[in-house]
Amino acid sequence: MTLRVAILTLGCKVNQVESAALDNAFRAAGCTLVAAREQADIYVINTCAVTGRAGQQSRQSVRAALRRNPQARIVVTGCYAQAEADTLHQIDPRILLIGNSHKEQLVAVALGQIPAPRLLPMAEKKEVFALPVQSFPGHTRAFLRVQDGCNNFCSYCIVPYTRGRSRSLSRAQVLQQAALFARAGYREIVVTGINVGRYGLDLKEGENLVSLLARLCADFPAIRFRLSSVEPTEVDQDFLDFASATPNFMPHFHLPLQSGEDRILALMGRRYRTADFAEKLNLLHERFPLAGIACDVLTGFPGETGLEAASTRAFLESLPVSFLHVFPYSKRPGTKAASLPDHLPQSVKAERAALLHELDARLRRRFYEANLGRRVQVLAERCLKPGLLEGFSENYLPVRFAGPETLINSVLAVRLTAAEESGLLGKLETGA
């Protein structure tokens, strides 16, 4: 009998990469992959622990799988499994836990070929989970994970403890994986990691993020490359020169700000101040006036005052920011911030997050309207309904336009004609 396997992925792009590798490995073993809401013999839940909400979703997903099929084999992996093994075993002692330290053994454990290994502290992990990914089911763009782990130890973050220290794939492994994506027909690749700007610093290959990106863009000129995120301290002259000189590197940047107040940044353990951040964003804007620039904001940090929250909003509005990713602060046991005084009520954090979401809507609208009338190159990613396609431009504008479903996975010239709350409308043009 063919085993039915469901994989549910929570959290970051690195988890998505690893789940895709697990999906491919289960298929290679002869299993049938089904949606997480369906009846399955094996449920794999790839968890996240970056916020309290993510931990809650991880627990809820485990309980939902147990309800769906009490006889199924439940395999829990990812950061919540690494951090909260005892909590998960209290839900059901039969749960198989595979920490981030042994993710490459998950398929063999799930199929009963080997016993579940003991969870190890991630500080002992020296390699990167390196199962190859042949395809991302349901995705038009591929994620190329080149690095794992983080050395920053920001005071609010559990990730260095659940993912370990920064570790890089070798240049040969990265290029081999990119070649697999090229052969599979992907037109766009997102280069990602936990702290991707530290790529190569642990290797002896003389490689860094900029040199790796340059090699990828040169070796695969028909593929559009994006960078998932970069720390503001890592936006330097080499990075700017590379990005502006490389046609298939997309002008879309994601920089974590977290707070627009220096006192809060210091409490967070961030390694820059607001003046540094503003300088880097303005440098990007000078080189790429219509770049899509996204910022992470963590609101409601312990001790943050109403004036400091308002100052953060004013700071963001003064910058050429296109999108915000808003996160209310969530207490994580084991982090330095958890022991800080003056934790704020949930209602205050929710109110401040709502104000940031309103700001995000204004910034997006400003960015959308600045692009009206332009001719952009859109990767058609999905068919919303017969005759209506949606995709993303070079600078990550969501664009809807009329066209047949046969154009999906094509890069198309589209003239932007109108701005709406959810994106832009465009008209397909002939010619490249």
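The values are calculated or read from the model by the stated rules, or taken from the named source; none is laboratory data. Here the structure is a predicted model, which means the values were calculated and not measured. Positions of Cβ are backbone-derived with ideal geometry, glycine not excepted, and every protein chain shown enters the neighbour counts.
For ALA353, are the conditions met, namely being out of contact with any strand residue (DSSP E or B) (no Cβ under 9 Å at 6 or more places or on another chain), closer than 30 Å to ILE264 by Cβ and among the small types (Gly, Ala, Ser)? Here the answer is no, as ALA353 does not meet what is asked.
Regarding ARG141, is this residue within 30 Å of VAL34 (Cβ to Cβ), in contact with a Phe, Trp or Tyr (Cβ under 7 Å, 6 or more places away or on another chain) and basic (Lys, Arg)? Give the steps one after another, and end with the answer.
Values: within 30 Å of VAL34 (Cβ to Cβ): yes; in contact with a Phe, Trp or Tyr (Cβ under 7 Å, 6 or more places away or on another chain): yes; basic (Lys, Arg): yes.
Considered against the rule, which asks whether it is within 30 Å of VAL34 (Cβ to Cβ), in contact with a Phe, Trp or Tyr (Cβ under 7 Å, 6 or more places away or on another chain) and basic (Lys, Arg), ARG141 comes out as yes.
Yes/no matrix, rows are residues, columns are (1) free of Cβ contacts under 8 Å to residues at least 60 places away in the same chain; (2) within 22 Å of GLY200 (Cα to Cα); (3) not aliphatic (A, V, I, L, M):
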site	(1), (2), (3)
LEU227	yes, yes, no
VAL235	yes, yes, no
PHE239	yes, yes, yes
PHE277	yes, no, yes
LYS280	yes, no, yes
GLU286	yes, no, yes
GLY306	yes, no, yes
ALA309	yes, no, no
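Of the residues ALA85, ALA142, ALA64, the single one that is farther than 30 Å from GLU390 by Cβ and either among the small types (Gly, Ala, Ser) or assigned by TED's automatic domain parsing to the domain that holds ASP202 (or both) is ALA85.
Taken over the stretch 302-326, residues that are within 22 Å of the chain's Cα centre (by Cα) and either modelled with pLDDT under 95 or basic (Lys, Arg) (or both) amount to 0.
Criterion first (in the same structural domain as ALA64 (by TED's automatic domain parsing), basic (Lys, Arg) and closer than 29 Å to ARG226 by Cα) does LYS125 satisfy it? No, not satisfied. For the stretch 261-272, state whether one or more residues are in a loop (DSSP other than H, G, I, E, B), within 24 Å of VAL128 (Cβ to Cβ) and at pLDDT below 95. Taking every residue of the stretch 261-272 in turn, at least one turns out to be in a loop (DSSP other than H, G, I, E, B), within 24 Å of VAL128 (Cβ to Cβ) and at pLDDT below 95. Flag not set for ARG59, criterion: assigned to a helix (DSSP H, G or I), surrounded by fewer than 16 Cβ atoms within 10 Å (Cβ to Cβ) and either in the same structural domain as VAL159 (by TED's automatic domain parsing) or out of contact with any Asp or Glu (no Cβ under 6 Å at 6 or more places or on another chain) (or both). If the condition is being basic (Lys, Arg) and either under 30 Å from PRO160 (Cα atoms) or touching a strand residue (DSSP E or B) at 6+ places or on another chain (Cβ under 9 Å) (or both), then the stretch 33-80 contributes ARG37, ARG53, ARG59, ARG63, ARG68, ARG73. Any residue at all in the stretch 388-399 that is without any contact (Cβ under 8 Å) to a residue 24 or more places away in the chain, assigned to a strand (DSSP E or B), under 21 Å from PRO289 (Cα atoms) and within 27 Å of the chain's Cα centre (by Cα)? Among the residues of the stretch 388-399, at least one is without any contact (Cβ under 8 Å) to a residue 24 or more places away in the chain, assigned to a strand (DSSP E or B), under 21 Å from PRO289 (Cα atoms) and within 27 Å of the chain's Cα centre (by Cα), which makes the answer yes.
Exactly one residue out of ALA380, ALA361 is of a type in the set (A, V, I, L, M, F, W, C), under 23 Å from the mean Cα position of the chain (by Cα), modelled with pLDDT of 95 or more and not in a strand (DSSP E or B): that is ALA361.
Determine, yes or no, whether GLY197 is in contact (Cβ under 8 Å) with a residue 12 or more places away in the chain and on the phi > 0 side of the Ramachandran plot. Please lay out each step first, then the result.
Working: in contact (Cβ under 8 Å) with a residue 12 or more places away in the chain: yes; on the phi > 0 side of the Ramachandran plot: no.
When the stated conditions are applied, GLY197 does not pass them.
Whenever a residue of the stretch 159-176 is farther than 15 Å from ILE189 by Cβ and of a type in the set (Val, Ile, Thr), it has no partner that is assigned to a helix (DSSP H, G or I) and at pLDDT 95 or above lying with C-beta atoms less than 6 angstrom away and at least six residues away or across chains. Among the numbered conditions (1) out of contact with any Ser or Thr (no Cβ under 9 Å at 6 or more places or on another chain); (2) touching a residue at least 40 places away in the same chain (Cβ under 8 Å); (3) buried (at least 20 other Cβ atoms within 10 Å of the Cβ), the only one that PHE249 does not meet is (2).
Do the conditions hold for ARG67, that is, is it surrounded by fewer than 23 Cβ atoms within 10 Å (Cβ to Cβ) and part of a loop (DSSP other than H, G, I, E, B)? Answer is no for this residue. One residue stands out among those in the stretch 84-115 that are modelled with pLDDT under 90 and of a type in the set (Gly, Ala, Ser): the one that is surrounded by the fewest Cβ atoms within 10 Å (Cβ to Cβ), which is ALA85.
Between GLU394, GLU421, the distinction of being within 19 Å of HIS254 (Cα to Cα) and either touching a Pro at 6+ places or on another chain (Cβ under 7 Å) or at pLDDT below 95 (or both) belongs to GLU394 only.
Within the stretch 39-64, the residues that satisfy the criterion of being of a type in the set (Gly, Ala, Ser) and closer than 22 Å to LEU119 by Cα are ALA49, GLY52, ALA54, GLY55, SER58, SER61.
May I ask you to verify whether GLU421 is in contact with a strand residue (DSSP E or B) (Cβ under 7 Å, 6 or more places away or on another chain), surrounded by fewer than 16 Cβ atoms within 10 Å (Cβ to Cβ) and not aliphatic (A, V, I, L, M)? Let's see the steps before the verdict.
Numbers: in contact with a strand residue (DSSP E or B) (Cβ under 7 Å, 6 or more places away or on another chain): no; surrounded by fewer than 16 Cβ atoms within 10 Å (Cβ to Cβ): yes; not aliphatic (A, V, I, L, M): yes.
Criteria not met by GLU421.
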